[in-house]
Amino acid sequence: MTLTTTIDRLFAQYNRPDSPGAAVGVTRHGKLIHEACYGMADLAHAIPIDRHSLIRIGSQSKQFTVLLALLLEAEGKLDMNAEVHTYLPWLPKYPHPITLWHLATNTSGMRDFLEMMVWNGLPLHASSDRQLARDIIANYPEVNYVPGSQMLYSNTGFFLLSEIVEQVSGRTFNELLRARITSRANMPDTLLIPRDAEIHPRLVAMHQQGPTGWETVRWGFPLGGEGGMASTLTDMLAWQATLAAPPADWAPHLACMTAPLHYTNGTETLYRAGLVVDRYRGALGIGHGGGVAGGKSESIRFPEHGLGIVILGNLAEMNPFALARRIADAALDLPPPPPPEAAAALCAAPGLYREPATGEVFALSARNHAPLFTTSGGATSLDEIAPNRFAPERPTQHLEFTLTPTGTITATFCGAPTTYHRITPPAAPPRDLSGPYANRALGLDVTIDGPSMLIRTNIGALRTRLSWADTDLLLVHPANPTDPRAFIGTLLLTPSGLTLTTDRTKSLTFAPA
């Protein structure tokens, strides 16, 4: 089977006039060996995707933000090792110093402001502004962990870094981007588009599955260097070519973005400075993905093999990170896939698995005879990185685990060992939690009424559903029955009240009011 045939089959479900889709490009040693566009840029107007369609790249923006910061540092306009308060004194006092380098490497421990907006009762599609984001960030002095000790994906770090590069340069992000990067990298169409409602030539519509079919979707928050850029297949292929052979004055900065980085426990990180560096079946991969309202993207290079892959999609349900790996399977001479026994064992052990102390939970299930891994961040496939050693095909979650003969799961998170035990939800609610709770310091008021939980703040309200997962642990579910996520967090009962935990938020406490 040819590479083109393989890729066409991977994207066949989108290659139709009634589906959004993706623009896909694959290069080998700088030569284009596959280019195709599948599906529609705008279903409402029957416009197909092409190589010049302007598509949001989401968090791929982060690498451009980091490069801008490093270019400005080289000019003496900022210091990546300085504390963030040096440039943004309005931030709260944190328990430990947080540097710009922590921001750029997702090791700051700062809670993700986009998730905090949602938990504060403001849906991402509701109209808001960046001052509201600053207010929310300023209201959260607590951090998830000691900076540098772990990695949790946090848009907050790149929001702040984006603000800093504008502040110290005296220019807008778009002005900097054009002057310092895109004009040199042959990327004429790439720019920051803060709001989805803006009109730009060839800007595609972003889609997600709704109750009755495809629907367009927008966020009301103005995105910056944390995830607001849009680009084309042509431009992103040019960017990959630039990364493979950078200008001489960029080379040390790009090397800095991919240089080995270690947590304080000595484990090498996956996330570096705006880029993810990992090995897939022995092949070194460098890249980043993106996810925004109604869209997903991925750009990854395998420099030892001269292979580059770009996927720009305009639908929320796509997993371009996994799709890029399937393309790599077909394009590279990789070791054979592992035998199916370990994956079959995972499929045969469905259920909820819990880390006892913190209430961290994930679910295992099977889809198409392959194991599926689900957390509060959604569901993803698994990669067997070593015999009976698995990792989520989600590059921003540094978790590896093994299913033991006793049915427990031994794991490492950011290199630290931990254990998960399979739990069985109780047949009946162990107790009635109904009543008021609050986190007064953060302005969060919570009301539980049977299986319903309502969080109120001064900016909005969020209603969720609850179900018991263990005798002292509940799952928090979206109230909207069409939300594809199985659960969005957990609530752990403690002697002092309740503790909320998600993929990006740890130990948010509520006391009885």
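Just so you know, all these numbers are worked out from the coordinates, no wet-lab data involved. All of these numbers come straight from a predicted model, not from anything done at the bench. Note that we place each Cβ from the backbone using ideal geometry, even for glycine, and neighbour counts take in every protein chain shown.
Give me the distance between the Cα centres of segment 148-199 and segment 325-394, rounded to whole Å.
34
For segment 338-457, state the average projected area of the convex hull of the C-alpha atoms over all orientations, rounded to one decimal in nm².
9.9
Once R0 is set to 51 Å, what does the formula 1/(1 + (r/R0)^6) return for the Cβ-Cβ distance between Thr2 and Ala126, expressed as a FRET efficiency to the nearest 0.05?
Computed FRET efficiency for Thr2 and Ala126 comes out at 0.60.
Net charge within 10 Å of Gln208 by Cβ-Cβ distance, Lys/Arg positive one each and Asp/Glu negative one each, not counting Gln208 itself?
My count for the surroundings of Gln208 gives -2.
For segment 57-331, what relative contact order do you get, as a whole percent, if you take Cα pairs closer than 8 Å and at least 6 residues apart?
Once normalised by length, the contact order is 24 percent.
Please get the size of the charge dipole for the chain, origin at its Cα centre, with Cβ charges of +1 on Lys and Arg and -1 on Asp and Glu, quoted in debye to the nearest 20.
Using Cβ point charges on Lys, Arg, Asp and Glu, the chain gives about 160 debye.
What fraction of the Cα pairs in segment 1-80, stated in percent, has a spacing above 14 angstrom?
Tail of P(r) above 14 Å: 71 percent of Cα pairs.
Give me, ordered by chain and number, the residues 5 or more places off Asn144 or on other chains with an amide H under 5 Å from its own placed amide H.
Excluding prolines and chain starts, which carry no amide H, the hits are Met110, Arg111.
Using only the alpha carbons of segment 213-261, determine the length spanned along each of the three principal axes and report them from longest to shortest in whole angstroms.
47, 26, 18
Provide the net charge surrounding Phe221, with neighbours chosen by a C-beta distance below 14 Å and charges set as Lys +1, Arg +1, Asp -1, Glu -1.
Cβ neighbours under 14 Å give a net charge of -2.
Please check the chain for the longest run free of trypsin sites (Lys or Arg not before Pro) that are loop-located per DSSP (anything but H, G, I, E, B) and have at most 12 other Cβ atoms within 10 Å.
Longest site-free region, per DSSP loop and neighbour criteria: 94-430.
Return P(r) of segment 219-360 (all Cα-Cα pairs; 10 Å bins starting at 0; whole %; ordered from short to long distances).
9, 30, 35, 21, 6, 0
Is it possible to state the helix-based mean residue ellipticity at 222 nm for the chain, with each DSSP H run of 4+ residues giving -39500 (n - 2.57), the sum divided by total residues, to the nearest 500 deg cm²/dmol? What is it?
-5500 deg cm²/dmol
Take Glu175, Glu360 and order them by how many other Cβ atoms sit within 10 Å, fewest up front.
Glu175, Glu360
Please work out the FRET efficiency for the pair Arg422 and Arg9, using the Cβ-Cβ distance as r and a Förster radius of 60 Å; give the result to the nearest 0.05.
So the FRET efficiency works out to roughly 0.95.
Which aspartates and glutamates, on any chain, are close to Lys93 with Cα under 12 Å apart, when same-chain ones fewer than 8 places away are left out?
Glu83, Glu142
Suppose a student asked you for the relative contact order of segment 302-439, using Cα pairs under 8 Å spaced at least 6 residues apart; what percent would you report?
The normalised contact order for segment 302-439 reaches 16 percent.
How large is the Rg to Rh ratio of segment 57-331 when both quantities use alpha carbon positions and Rh follows Kirkwood?
Checking Rg against Rh, the ratio lands at 0.94.
Once the Cβ-Cβ distance between Glu268 and His29 is put in as r, and R0 is 41 Å, what FRET efficiency do you end up with, to the nearest 0.05?
About 0.90, to the nearest 0.05.
Can you match P(r) over Cα pairs in 20 Å bins from 0, in percent to one of these, (1) 22, 58, 19, 0; (2) 21, 47, 25, 8, 0; (3) 20, 54, 23, 2, 0, based on a calculation from the structure here?
The calculated read-out lines up with (1).
Around Ile47, which amide H atoms from residues at least 5 apart in sequence, or from another chain, sit under 5 Å from its own amide H, with H modelled in the peptide plane?
Ala41, Asp42
Contact order normalised by length for the chain, with contacts defined as Cα pairs under 8 Å and 6 or more residues apart; what percent is it?
The normalised contact order for the chain reaches 15 percent.
Sorted from fewest to most neighbouring beta carbons within 10 Å, what does the list His96, His398 look like?
His96, His398
With no solvent and one equal point scatterer placed on each C-alpha of segment 435-512, evaluate the Debye formula and give log10 I(q)/I(0) for q = 0.28 Å⁻¹, two decimals.
Those come out to -1.65, one per q.
Would you mind calculating the gained length between Gln209 and Ile47 on full extension (0.36 nm times residue separation, minus the Cα-Cα distance), in nm to one decimal?
Result: 56.5 nm gained on full extension.
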